Amino acid sequence: MAAQPSLVPQYTFPTTLQEQRQALGTNPLMARLNAARQQLAADPYRPIYHYVNPEGSLNDPNGLCFWQGRWHLFYQAYPPEDTRQHWGHAVSDDLIHWEDLPYAIYPYPEDKCFSGSALAEDDRVIAIYHGIAAGTMVATATDPLLLNWDKLTGQAVIPLAKPGDPPLPYNIFDPCIWKHDGVYYALTAGMHHNAPSGKKTRANFLHRSTDLATWEYLHPFVENDLYSRVGDDGACPYFWPLGDRHILLHFSHMNGGKYLLGDYDTDRQKFVVTQGGDFNFGPYAPGGVHAPSACPDDTGGVIAIFNMNPGKPTRGWNQIMTLPRRLTLLDHDQLGMEPAGDLASLHSDHRHLENLTLPANENVLLAGVQGNALEIDATFALGGAPLLELDVLCSPDGEERTRILFYRDRGYRSREFGRNEPQGSLLSIDTSCSSLHPDISPRAPETAPVILAPDEPLRLRIFIDRSVVEVFVNGKQCAAVRVYPSRPDSIGVSLRSRGQDTILTSLDAWQMASIYE
């Protein structure tokens, strides 16, 4: 069956910022999106400071980019009258307050607009994405709010093989784009059979072009990857400089968001991998981190955002976005990770504690620190306690609680250089008691490795937003899960030090405002 044009209303907008703002104020599609957001706001599990699309479902984030002083986020959207994937669109000045915009890229001649990335040049933004039943598509926009998109050539620039043609030496799926020495490069996801057993392993295939319309296939791009699992497919790739090195963020259809660190050999056009890791620590569904979208921040870091899967049915919507994360290079092979954007602008009702002794094996309820839309910034002098527990979204009787657990020196040892390195620690989020709802999809504890120096304090930055908990650890790691407390009084916060006393050096907590009001 041939692809059909979208049934979603599509508009052409003016080309100046002031005129675009005026047109958006009277646009019927924007009125519909605004009404849908207001209607869904009453859902008690819909986050208020994590981005959620205004209507229907969402999937992968796409094409995160910075254009004319604003951040643009695109994503797979499913409009109600035509649930084929379109590119949804939001814009932000600070990576936190997101403003909905009309759907950006509509299917046709492709059947669906799947995932891809964006490259901002001086005079335009280039979007490259997978068009179902067509191949790799390229679209460009030049207007201030990226409302008007034109598809280059009107067809796929890297087409799928036609029926009866020999198989292609590469896969066409989920492309990303960058530019080096005046040449465009496109990296597509896929797998190949290069293991001696014939099992499928991750492969990413490289094309190049000088005009975006005609592309030459080069070769598989990634070398020396010891960090992907058999069956990983390198979907949703984003390849960007990070400090003096490069990072390849991607998605595994087995276990979610992943990354590879390494060096970009521009003479051979190869990515030589030296390290790798995960953004998700278990299956990506239910309730886990899914796919990335990423963009350099012009200060040596990379801003990344991920979609997260639901762990409970929610009517009229499902997935959400994580907070944006700023990725940096702490040393040659260690990734740094912090929340990005102006989160302080959401703060109110500040609470502060300091120098509080947590007696061994006693539950310490933090009076005055409670809620289901919070930021908590806590630092601990660990001492000899092997396990520290911080519970959030607790009911008064403990029937419901989400347990954040830090296991000091209980992780894996590294023997990468032929010697025993310091033993790592573990950060775990246990949701087994988070909800009494009968339709919750259980998730095993989300357990992430983190390495602390022997005398390094533990710092946890915890973000609670109705149905999501994200925990950043010492600027080195992040774990996130979806949670759905059933009781309205499941808002408490408590601490417990196992085995020995621990000192809570300081704790700051704030109520968080909605980004939509």
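Quick look at the numbers
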read-out	value
Subset tally (residues that are in a strand (DSSP E or B) and out of contact with any Gly (no Cβ under 9 Å at 6 or more places or on another chain)) for segment 354-377	13
Strands (runs of 3 or more DSSP E) enclosed by segment 48-140 - at least 2 residues per element that are surrounded by 23 or more Cβ atoms within 10 Å (Cβ to Cβ) and among the hydroxyl-bearing types (S, T, Y)	113-120
Only listed residue being under 30 Å from P438 (Cα atoms) and out of contact with any strand residue (DSSP E or B) (no Cβ under 9 Å at 6 or more places or on another chain), chosen from P313, P286	P313
The listed residue being in a loop (DSSP other than H, G, I, E, B) and assigned by TED's automatic domain parsing to the domain that holds H192, out of L226, L260	L226
Filtered residue count, segment 266-277, keeping only those that are touching a residue at least 40 places away in the same chain (Cβ under 8 Å) and either surrounded by 23 or more Cβ atoms within 10 Å (Cβ to Cβ) or out of contact with any Gly (no Cβ under 6 Å at 6 or more places or on another chain) (or both)	7
Residue match in segment 224-232 (condition: aromatic (F, W, Y), touching a strand residue (DSSP E or B) at 6+ places or on another chain (Cβ under 8 Å) and under 27 Å from H290 (Cβ atoms))	yes
Hey, L212 under 30 Å from T16 (Cα atoms) and either in contact with a Ser or Thr (Cβ under 9 Å, 6 or more places away or on another chain) or free of Cβ contacts under 8 Å to residues at least 24 places away in the same chain (or both) or not	yes
Some residue of segment 107-116 being closer than 30 Å to L226 by Cβ and either hydroxyl-bearing (S, T, Y) or without any contact (Cβ under 8 Å) to a residue 40 or more places away in the chain (or both)	yes
Subset of segment 221-251 (residues that are farther than 22 Å from A127 by Cα and not acidic (D, E))	V222, N224, L226, Y227, S228, R229, V230, G231, G243, R245
From the options Y78, Y103, Y51, residue that is among the aromatic types (F, W, Y), closer than 18 Å to K151 by Cβ and at pLDDT 95 or above	Y103
Subset of segment 474-505 [under 29 Å from the mean Cα position of the chain (by Cα) and not in a loop (DSSP other than H, G, I, E, B)]	Q477, C478, A479, A480, V481, R482, G492, V493, S494, L495
Residues that are surrounded by fewer than 19 Cβ atoms within 10 Å (Cβ to Cβ) and not charged (D, E, K, R), drawn from segment 150-159	L152, T153, G154, Q155, P159
Residue count for segment 243-257, restricted to those that are in contact with a His (Cβ under 8 Å, 6 or more places away or on another chain) and either outside the structural domain of N59 (by TED's automatic domain parsing) or outside any strand (DSSP E or B) (or both)	0
Yes/no for D165 being without any contact (Cβ under 8 Å) to a residue 60 or more places away in the chain, charged (D, E, K, R), more than 21 Å from W87 (Cα to Cα) and in the same structural domain as P237 (by TED's automatic domain parsing)	yes
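Table: residues versus (1) closer than 25 Å to Y184 by Cβ; (2) within 13 Å of the chain's Cα centre (by Cα); (3) among the acidic types (D, E); (4) assigned by TED's automatic domain parsing to the domain that holds A42.
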residue	(1), (2), (3), (4)
Y264	yes, no, no, yes
T274	no, no, no, yes
G277	no, no, no, yes
H290	no, yes, no, yes
C295	yes, yes, no, yes
G301	yes, no, no, yes
A304	yes, yes, no, yes
T328	no, no, no, yes
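Results for (1) closer than 23 Å to A41 by Cβ; (2) surrounded by fewer than 19 Cβ atoms within 10 Å (Cβ to Cβ), shown as yes or no for each residue.
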| site | (1), (2) |
| --- | --- |
| Y284 | no, no |
| S293 | no, no |
| V302 | no, no |
| M308 | yes, no |
| G336 | no, yes |
| G341 | yes, no |
| E354 | no, yes |
| T379 | no, yes |
| P386 | no, yes |
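The values are calculated or read from the model by the stated rules, or taken from the named source; none is laboratory data. Predicted model, so just to flag it, every value in this text is computed and none were measured. All Cβ positions, glycine included, derive from the backbone under ideal geometry; neighbour counts span all protein chains shown.
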